[in-house]
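K.L.:
This is the structure I have questions about; it appears just below.
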Amino acid sequence: MSGELLLDVRDLAVQFPTADGIVNAVSGLSFTLSRGETLGIVGESGSGKSVTNLAILGLLNSKRSLITGEILLHGKDLLKATPVELRDVRGKDVAMIFQDPFACLHPMYRVGDQIAEAVRAHLDVSKAKARDRAVEVLDAVGIPNARARSRDYPHQFSGGMRQRAMIAMALVHNPSVLIADEPTTALDVTVQAQILELIDKVKRDFDIGVILITHDLGVVAETAQTVMVMYAGRAVEHGPAAGVFDNPQHPYTWGLLESMPSVQGKVTHLRAIEGLPPSVIHLPPGCPFHPRCPHRFDPCDKIRPPLAAMEGGHSDACHLDPDAKRRLWAEREAVRLGLGA
Amino acid sequence: MVIYLARRLTWAVAVLLAVTALTFAIFYLLPPGDPALRFVGKQPTPENLALVRHNLGLDHPWYVQYGKFVKSIVVGDKYGWPGLGYSYDSSVPIRDKIVEKAPRTFSLIVGASIIWLSMGVLIGVISAIKRRTIFDRIAMGFALFGISAPVFWLGLMALFIFWYKLDLTAGTGYTSFTTSPQEWASHLILPWIVLALLYAAIYARMVRGNLLDTMGEDFIRTARAKGLSERNVIFRHGLRASLAPIVTMFGLDIALLVGGAVITESVFNLDGLGFMAIDSVFRQDLPGVLGVVLVGTFAVVIMNLLVDIAYAFLDPRVRYA
């Protein structure tokens with residue numbers, strides 16, 4: 001049933017103690033995912049988006065990471081689950097597809113057998129039945145001649161077909177949550193659109209919730225209903241896609257939008273965000289983005305702005321007042337579209 | 001596949017010819033002395049020397065001798081097929097000598113290779129899984145010991161302790177399997193372990209390294225994300241992908257030991273092919289050397305072929321045409 005709350009992450013923090021100090025990969029992260037919703041998580045490399053989702057799947061090494069908060073799946077806290085319970089969730093209720101489909105399939109097993117293995121990981125059925133199921137899902141993700149192709153090895157598949165096979169593998173148990181970690185980054189642009197379309201179709205057909213992790217705002221704009229922008233392990237802006245794209249609140253989101261080319265050709269200035277993401281071991285005091293922020297003022301390097309809610313479920317973490325934000329973004333928009341300067 | 005095999009076998013013949021020709025050339029271009037002089041007796045007359053030379057065929061130029069050698073291999077000689085001539089030294093047919101000594105060497109290799117492969121893979125896998133634990137450190141310490149300890153020392157120590165002091169095994173020498181399987185094993189158990197120790201150490205380190213590399217691969221994460229048990233992830237997905245290089249090494253190591261287990265064969269007085277090669281070199285017994293070189297080269301060529309074929313089965317990305 002669409003709208004049903006699937007995943008409720010509350011105040012999630014992930015730390016990795018290392019020889020150089022504690023890495024704060026994710027801090028104070030909260031979000032929800034409902035059936036039929038696509039949540040886009042956007043951020044640069046190292047912003048904590050992948051770690052968040054590995055934490056949901058329980059794939060982080062428990063000896064080398066410290067995870068606090070709550071990850072409620074259907075109301076049950078995954079962080080309190082035993083390894084066996086977690087294994088039962090993985091691939092069955094929460095499935096994941098990854099960035100590089102070339103490296104994600106085992107090179108020495110047939111594609112169909114790898115999918116059949118996923119079937120048998122959670123279901124006590126014969127190998128033949130599992131293979132039939134594999135053919136069924138391969139067919140569902142648009143692999144032509146699925147029965148014959150299921151006997152191919154991964155190297156006989158193209159990149160797009162491999163990602164389709166990964167999606168097929170994720171679907172064998174009708175999961176309620178699909179996590180797609182940069183699913184199109186390694187693919188050709190034309191194939192990217194097909195895969196995004198497929199993920200969207202799968203979401204509708206199977207009525208599931210999708211978490212789409214990406215560093216490409218364009219990908220999110222096409223498919224997501226909700227957007228969360230992450231920076232240095234924290235959400236800096238979070239809200240409905242329409243709100244975030246039409247009325248972006250955080251200077252970091254502005255930077256991301258400005259660095260994105262547009263097909264319409266209106267954009268005259270492509271601007272990079274100056275500087276580098278901060279070290280996750282030695283986070284700057286105050287707002288983590290302040291060293292790179294052109295609009296920083298008095299409190300920015302002392303007090304970390306909380307994620308404050310505005311109307312319409314849209315929230316952001318910035319000290320600027322709403323009027324100042326509106327004015328500054330309008331000015332930057334003008335420059336971006338070549339109107340002002 | 002058939003074309004591939006035919007091409008490989010043609011190459012094998014070429015390699016065998018080249019290696020024997022090279023061995024031949026070394027004996028003629030770097031002459032350490034006249035073989036005929038050794039066999040003619042204490043005070044040779046020129047007539048006797050000439051006669052011995054003629055009997056051994058040494059009065060022909062080397063390429064004629066080589067031609068005869070190749071011909072007798074192909075069509076056989078009076079001692080049977082393949083004809084390998086007879087020893088200058090003892091007048092025993094080389095073919096008979098090799099038939100007698102090969103089972104000794106093969107017994108040594110088969111036992112040792114089973115021990116080192118199972119030990120190496122087992123220790124390597126556990127070390128990789130229990131990485132940085134006390135087991136890993138002890139296992140890698142053992143590996144360092146196995147790699148560093150010289151075989152002749154290890155062999156003598158083993159004989160001293162288990163044969164001389166404890167009297168648990170039979171000592172040096174060899175009893176054929178058909179005579180008495182118990183005696184056969186009792187004679188071979190120490191050489192098996194001593195020879196296997198070195199290789200087990202190398203294999204353990206290699207399996208550990210390969211498996212650790214493989215466990216960092218993306219397809220391992222996929223296997224975990226599917227919800228497979230950790231045992232399945234390691235053995236079905238991790239080990240499978242890391243075994244291919246082990247197979248290559250295993251094939252070549254076995255082949256090289258056919259003529260190369262000299263030290264082990266000497267220490268335990270097994271009198272196998274490696275020992276025969278060295279002994280023939282010292283006695284300037286060219287046919288003996290050539291016989292072992294031929295068998296050794298043949299082993300390398302065949303094992304190479306087997307490794308390639310095994311590879312095609314292990315890794316579907318490899319296809320021969």
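The values are calculated or read from the model by the stated rules, or taken from the named source; none is laboratory data. This structure is a prediction, so every number in the text was calculated from the model and none was measured. All Cβ positions, even for glycine, are placed from backbone atoms using ideal geometry, and neighbour counts span all protein chains on display.
K.L.:
Is one or more of the residues making up segment B:67-85 modelled with pLDDT of 75 or more, over 23 Å from B:Val13 (Cα atoms) and among the charged types (D, E, K, R)?
P.N.:
Scanning segment B:67-85, I find no residue that is modelled with pLDDT of 75 or more, over 23 Å from B:Val13 (Cα atoms) and among the charged types (D, E, K, R), so the answer is no.
A quick yes/no check of all residues on (1) touching a residue at least 40 places away in the same chain (Cβ under 8 Å); (2) part of a helix (DSSP H, G or I):
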site	(1), (2)
A:Ile281	yes, no
A:Gly286	no, no
A:Pro294	yes, no
A:Arg327	no, yes
A:Glu333	no, yes
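K.L.:
Here is a follow-up. Which one of the conditions (1) within 13 Å of chain B (Cβ to nearest Cβ); (2) farther than 20 Å from A:Leu59 by Cβ does A:Lys127 fail to meet, given that it meets all the rest?
P.N.:
(1)
K.L.:
Does segment A:137-173 hold any residues that are closer than 20 Å to A:Arg204 by Cα and away from chain B (no Cβ under 14 Å), and which are they? Show your work before the answer.
P.N.:
Pass one, segment A:137-173, residues closer than 20 Å to A:Arg204 by Cα: A:137-143, A:163-173.
Residues satisfying the conditions are A:Leu138, A:Asp139, A:Ala140, A:Val141, A:Gly142, A:Ile143, A:Arg164.
K.L.:
Now, a different point. Which one of these does B:Ile161 not meet: (1) in a helix (DSSP H, G or I); (2) under 21 Å from B:Leu273 (Cβ atoms)?
P.N.:
The failed condition is (2).
K.L.:
Can you name the condition, by its number, that A:Cys104 falls short on among (1) within 9 Å of another protein chain (Cβ to nearest Cβ); (2) on the phi > 0 side of the Ramachandran plot?
P.N.:
Evaluating A:Cys104 over (1) within 9 Å of another protein chain (Cβ to nearest Cβ); (2) on the phi > 0 side of the Ramachandran plot leaves (2) as the failure.
K.L.:
Given the criteria closer than 19 Å to B:Leu257 by Cβ, among the β-branched types (Val, Ile, Thr) and surrounded by fewer than 21 Cβ atoms within 10 Å (Cβ to Cβ), does B:Val292 qualify?
P.N.:
Answer is no for this residue.
K.L.:
Still on this structure: Do the conditions hold for B:Phe235, that is, is it under 15 Å from B:Ser113 (Cα atoms), of a type in the set (Phe, Trp, Tyr) and either modelled with pLDDT of 90 or more or in contact with a helix residue (DSSP H, G or I) (Cβ under 9 Å, 6 or more places away or on another chain) (or both)? Quick ask: steps written out before the conclusion?
P.N.:
On the way: under 15 Å from B:Ser113 (Cα atoms): no; of a type in the set (Phe, Trp, Tyr): yes; either modelled with pLDDT of 90 or more or in contact with a helix residue (DSSP H, G or I) (Cβ under 9 Å, 6 or more places away or on another chain) (or both): yes.
So B:Phe235 does not fit the description; no.
K.L.:
A further question follows. As an exercise: evaluate A:Arg35 against (1) in contact with a His (Cβ under 9 Å, 6 or more places away or on another chain); (2) buried (at least 17 other Cβ atoms within 10 Å of the Cβ); (3) of a type outside the set (Gly, Ala, Ser) and give the number of the one condition it does not meet.
P.N.:
Going through (1) in contact with a His (Cβ under 9 Å, 6 or more places away or on another chain); (2) buried (at least 17 other Cβ atoms within 10 Å of the Cβ); (3) of a type outside the set (Gly, Ala, Ser) one by one, A:Arg35 breaks only (1).
K.L.:
Test A:Val229 against the criterion of being within 30 Å of A:Ala170 (Cβ to Cβ) and touching a residue at least 24 places away in the same chain (Cβ under 8 Å), and give yes or no. Walk me through how you get there before you give the answer.
P.N.:
On the way: within 30 Å of A:Ala170 (Cβ to Cβ): yes; touching a residue at least 24 places away in the same chain (Cβ under 8 Å): yes.
Against the criterion (within 30 Å of A:Ala170 (Cβ to Cβ) and touching a residue at least 24 places away in the same chain (Cβ under 8 Å)), A:Val229 qualifies.
K.L.:
Please go through segment A:309-325 and give me each residue that is surrounded by 12 or more Cβ atoms within 10 Å (Cβ to Cβ) and either outside any helix (DSSP H, G or I) or in contact with a Leu (Cβ under 8 Å, 6 or more places away or on another chain) (or both), ordered by number.
P.N.:
A:Ala309, A:Met310, A:His314, A:Ser315, A:Asp316, A:Ala317, A:Cys318, A:His319, A:Leu320
K.L.:
Of everything in segment B:220-237 that's closer than 20 Å to A:Ala186 by Cα and surrounded by fewer than 22 Cβ atoms within 10 Å (Cβ to Cβ), which residue is farthest from the other protein chains (Cβ to nearest Cβ)?
P.N.:
Across segment B:220-237, the extreme among qualifying residues is B:Ile220.
K.L.:
Filter segment A:107-122 down to residues that are more than 9 Å from every other protein chain (Cβ to nearest Cβ) and among the small types (Gly, Ala, Ser) and give me whichever is nearest to A:Ile22 (Cα to Cα).
P.N.:
Step by step, filter segment A:107-122, then rank; the result is A:Ala116.
K.L.:
Sort out which residues of segment B:265-309 are more than 22 Å from B:Leu16 (Cβ to Cβ) and either of a type in the set (Gly, Ala, Ser) or within 14 Å of chain A (Cβ to nearest Cβ) (or both), and write them in order of number.
P.N.:
Filtering segment B:265-309 for residues more than 22 Å from B:Leu16 (Cβ to Cβ) gives B:265-271, B:275, B:279, B:282-284.
Of everything in segment B:265-309, just one residue is more than 22 Å from B:Leu16 (Cβ to Cβ) and either of a type in the set (Gly, Ala, Ser) or within 14 Å of chain A (Cβ to nearest Cβ) (or both), namely B:Ser266.
K.L.:
Hey, another quick one. Out of the residues in segment A:61-93 meeting the condition of being under 30 Å from A:His155 (Cα atoms) and facing chain B (nearest Cβ under 9 Å), tell me which one is surrounded by the fewest Cβ atoms within 10 Å (Cβ to Cβ).
P.N.:
A:Asp88
Residues are listed down the side, and each one gets a yes or a no for (1) surrounded by 24 or more Cβ atoms within 10 Å (Cβ to Cβ); (2) over 22 Å from A:Glu222 (Cα atoms):
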| site | (1), (2) |
| --- | --- |
| A:Ala146 | no, yes |
| A:Phe157 | no, yes |
| A:Met161 | no, no |
| A:Met169 | yes, yes |
| A:Val172 | yes, yes |
| A:Pro175 | no, yes |
| A:Ala180 | yes, no |
| A:Ala186 | no, no |
| A:Leu196 | no, no |
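K.L.:
When you check B:Thr169 against the structure, is it within 14 Å of another protein chain (Cβ to nearest Cβ) and over 19 Å from the mean Cα position of the chain (by Cα), yes or no?
P.N.:
Details: within 14 Å of another protein chain (Cβ to nearest Cβ): no; over 19 Å from the mean Cα position of the chain (by Cα): yes.
Taking the combined requirement at face value, the residue does not satisfy it.
K.L.:
Okay, next question. Can B:Val247 be described as within 20 Å of B:Val92 (Cβ to Cβ), within 22 Å of the chain's Cα centre (by Cα) and assigned to a helix (DSSP H, G or I)? Walk me through how you get there before you give the answer.
P.N.:
On the way: within 20 Å of B:Val92 (Cβ to Cβ): no; within 22 Å of the chain's Cα centre (by Cα): yes; assigned to a helix (DSSP H, G or I): yes.
No; evaluated as a whole, the condition is false for this residue.
K.L.:
Next question, about the same structure. For A:Glu70, indicate whether it is in contact with a helix residue (DSSP H, G or I) (Cβ under 9 Å, 6 or more places away or on another chain), at pLDDT below 90, not aliphatic (A, V, I, L, M) and not in a helix (DSSP H, G or I). Please lay out each step first, then the result.
P.N.:
On the way: in contact with a helix residue (DSSP H, G or I) (Cβ under 9 Å, 6 or more places away or on another chain): yes; at pLDDT below 90: no; not aliphatic (A, V, I, L, M): yes; not in a helix (DSSP H, G or I): yes.
Taking the combined requirement at face value, the residue does not satisfy it.
K.L.:
Check segment A:263-277 and report whether any residue there is at pLDDT 80 or above and not in a loop (DSSP other than H, G, I, E, B).
P.N.:
Filtering segment A:263-277 for residues at pLDDT 80 or above gives A:272-277.
Next, only the ones that are not in a loop (DSSP other than H, G, I, E, B) stay: none.
Checked against the condition, which is being at pLDDT 80 or above and not in a loop (DSSP other than H, G, I, E, B), segment A:263-277 yields no hits at all.
K.L.:
Please identify the pairs in which a residue from segment B:142-162 that is closer than 22 Å to B:Arg205 by Cα and not assigned by TED's automatic domain parsing to the domain that holds B:Gly124 has its Cβ atom under 9 Å from the Cβ atom of a residue that is loosely packed, with under 13 Cβ neighbours inside 10 Å and not small (Gly, Ala, Ser), counting only partners at least 6 apart or on another chain.
P.N.:
Every condition considered, no pair remains.
K.L.:
So, one more: Give the residue, chosen from B:Ile114, B:Ile94, B:Ile129, that is surrounded by 14 or more Cβ atoms within 10 Å (Cβ to Cβ) and within 27 Å of B:Leu294 (Cβ to Cβ). Don't jump to the end; show me each part of the working.
P.N.:
Numbers: B:Ile114 fails: surrounded by 14 or more Cβ atoms within 10 Å (Cβ to Cβ); B:Ile129 fails: within 27 Å of B:Leu294 (Cβ to Cβ).
Checking each option against the conditions leaves just B:Ile94.
K.L.:
Also, I was wondering about something else. May I ask you to list the residues in segment A:245-254 that are in contact with a Phe, Trp or Tyr (Cβ under 9 Å, 6 or more places away or on another chain) and surrounded by fewer than 22 Cβ atoms within 10 Å (Cβ to Cβ)?
P.N.:
Across segment A:245-254, the qualifying residue is only A:Asn247.
K.L.:
Of all residues in segment B:207-219, which are within 8 Å of chain A (Cβ to nearest Cβ), buried (at least 17 other Cβ atoms within 10 Å of the Cβ) and in a helix (DSSP H, G or I)? Break it down into steps so the answer makes sense when it comes.
P.N.:
Taking segment B:207-219 first, the residues within 8 Å of chain A (Cβ to nearest Cβ) are B:217-219.
After this cut, where a residue has to be buried (at least 17 other Cβ atoms within 10 Å of the Cβ) as well, the list is B:217, B:219.
Within segment B:207-219, B:Phe219 is the sole residue that qualifies.
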